[in-house]
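Student: Below you'll find the structure I mean.
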């Protein structure tokens, strides 16, 4: 089993409000992964950034993603089965 890093943790690491690198290094017995949808969210944010912040954010993501396995998005059939499962409720209007 692995720890899946969410966008908020990665963003805090990039902004310097959380020492992600040290935290990961302190957990020697754990594996870390990132979901493909999280990668898409992070790249969207990097592409929307401007100036030097854009370049800094892109480099940070490049370095981070080189060391993390990316969990692929489930196929459509599995997703639709999950959404229509017994615990699914339509949004309230």
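Student: Arranged by the count of other C-beta atoms within 10 angstrom, fewest first, what order do 20, 42, 28, 65 take?
Tutor: Working: 20 19, 42 22, 28 6, 65 15.
The order, fewest Cβ neighbours first, is 28, 65, 20, 42.
Student: Report Rg(Cα)/(2.2 N^0.38 Å) for the stretch 3-74, keeping two decimals.
Tutor: So the Cα radius of gyration is 1.09 times the expected 2.2 N^0.38 Å.
Read-outs: derived from the displayed coordinates by stated rules, not from any lab. No experiment lies behind these values; they were computed from the predicted model shown. Don't worry about glycine lacking a Cβ; one is built from the backbone with ideal geometry, like all the others, and counts go over all protein chains shown.
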